[in-house]
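The values are calculated or read from the model by the stated rules, or taken from the named source; none is laboratory data. The model shown is predicted, which means the values in this text are computed figures rather than measured ones. No Cβ is skipped: glycine too gets one built from the backbone with ideal geometry, and neighbour counts run over all protein chains shown. Just so you know, the surface numbers come from the protein's heavy atoms only, side chains and all, with ligands and any DNA or RNA stripped out. Shrake-Rupley method; radii C 1.70, N 1.55, O 1.52, S 1.80 Å.
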Amino acid sequence: MGVLVLIALLQGTQRFSQLRRKIGGINERMLAQTLQWLEADAMVHRRSFNTVPPHVEYTLTPLGAEAAEKVRDLVDWLETHMPAIAQAAQAVDGVEKAT
C-alpha cells in the first residue's frame with residue numbers, strides 16, 4: 001500500500017479522502033496505518049488544521065518524493081516490459097511441465 005500512497009502523493013498535497021478515492025480498494029484503517037508508517041519513516045508529512053470537521057493534509061517529504069520517483073520509474077518499466085515477462089514465464093512453465 002505504501003507504494004500506491006507514494007505514487008498518489010506525487011501529484012501534490014492531498015487530503016485523506018482524496019487519497020482513498022485515488023487509490024481505490026483500500027479501507028480507511030489500512031490507509032491510516034500506511035500513512036502513519038510513511039510519516040514515521042519520514043516519507044510523508046502530515047499537516048493537521050484545527051477546524052471542524054478536522055482537516056488533515058498529506059505531502060511527500062523530499063525523501064518521500066525521491067522514493068516515489070524511483071518507484072514510479074519501476075512501475076513504468078514493468079508496464080512496458082510486462083508482455084515479455086509474461087511470455088518468459090509461460091516458456092518456463094512449459095519447460096517445467098515437459099520435464
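For the condition closer than 17 Å to Ala68 by Cβ, open to solvent by less than 90 Å² (accessible area, probe 1.4 Å) and not aliphatic (A, V, I, L, M), what is the one hit in Gln11, Gln18, Gln33?
Going through Gln11, Gln18, Gln33 in turn, just one is closer than 17 Å to Ala68 by Cβ, open to solvent by less than 90 Å² (accessible area, probe 1.4 Å) and not aliphatic (A, V, I, L, M): Gln18.
Could you list, in sequence order, all residues of the stretch 40-68 that are part of a loop (DSSP other than H, G, I, E, B), open to solvent by 90 Å² or more (accessible area, probe 1.4 Å) and at pLDDT 95 or above?
Matches in the stretch 40-68: Asp41 only.
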